[in-house]
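Worksheet for the structure shown next.
The values are calculated or read from the model by the stated rules, or taken from the named source; none is laboratory data. Small disclaimer: the values here were computed from a predicted structure and weren't measured. Every residue, glycine as well, gets a Cβ built from its backbone with ideal geometry; the counts of neighbours run over all protein chains shown.
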Amino acid sequence: MKHLPNVISTLRIAGSFSLLFCDVKGWPFWVLYALCGISDIVDGWLARKLHAETKAGAVLDSVSDIVFVACCAVQLIPVVEIPVWLWTWAGVIVFIKIVNQVSALVVCKRFCFPHTWANKLTGILLFLAAPAVFWSVIPIAIVAAIATFAATQEGQFIRTKQLFSLLP
């Protein structure tokens, strides 16, 4: 039972790759999208409920989040029109995240994916805002603002070694 959260995270990776074979405008894509998003909430909740929180599980959760976002991006980018300023902003966020991981390797001697409240809020809002990108980029811009804060906060935690209080 203690492995259930990791099984759910692994299934989210498989579900995310399955999104690549669905038409983004069809209902199978959005059902799978919803299941993957809900599984992200469920695996963390179960890990806490079952007292099964581990460093490996936290990394697996983060990897499955990255795979989910990447697969969604591969599917959504060709069918939505995103302005250059938003692409630039996304690039800055990715750059900050890369710098954070380089800092983690230097400071902690390993990759670190702190599950801060700001990171969790970013994930939830991105999950909710992604379908709205067909009508407006404003929800995604709001998420980008929160993601920028989350990324800089994450970097601060890593560089000051405060992240150890955030890890299981």
| message | Is it the case, given these coordinates, that residue 68 is part of a helix (DSSP H, G or I), aromatic (Phe, Trp, Tyr) and not assigned by TED's automatic domain parsing to the domain that holds residue 144? | response | yes
| task | Test residue 95 against the stated conditions and say whether it is touching an Asp or Glu at 6+ places or on another chain (Cβ under 8 Å) and modelled with pLDDT of 90 or more. | result | no
| Selected residue (only one of 125, 76, 121 is surrounded by 13 or more Cβ atoms within 10 Å (Cβ to Cβ), in contact (Cβ under 8 Å) with a residue 40 or more places away in the chain and either out of contact with any Gly (no Cβ under 7 Å at 6 or more places or on another chain) or assigned by TED's automatic domain parsing to the domain that holds residue 4 (or both)) | 76
| note | residue 138: passes all of (1) of a type in the set (Val, Ile, Thr); (2) in contact (Cβ under 8 Å) with a residue 40 or more places away in the chain; (3) out of contact with any Phe, Trp or Tyr (no Cβ under 8 Å at 6 or more places or on another chain) but (2)
| said: Looking at 59, 7, 31, 42 in this structure, which one is under 21 Å from residue 154 (Cα atoms) and either of a type outside the set (Lys, Arg) or surrounded by 15 or more Cβ atoms within 10 Å (Cβ to Cβ) (or both)? | reply: 59
| said: Considering only residues that are more than 17 Å from residue 115 (Cα to Cα) and aromatic (Phe, Trp, Tyr), which ones fall in the stretch 13-66? | reply: 17, 21, 27, 29, 30, 33
| said: For the structure I just gave you, tell me whether residue 94 is free of Cβ contacts under 8 Å to residues at least 24 places away in the same chain and assigned by TED's automatic domain parsing to the domain that holds residue 156. | reply: yes
| note | Cβ pairs under 9 Å, 6+ apart or interchain, first in the stretch 35-59 and assigned by TED's automatic domain parsing to the domain that holds residue 128 and without any contact (Cβ under 8 Å) to a residue 40 or more places away in the chain, second assigned to a helix (DSSP H, G or I) and exposed (fewer than 13 other Cβ atoms within 10 Å of the Cβ), ordered by first then second residue, are none
| task | Tell me, please, whether a residue that is within 23 Å of residue 16 (Cα to Cα) and not in a helix (DSSP H, G or I) can be found in the stretch 90-112. | result | yes
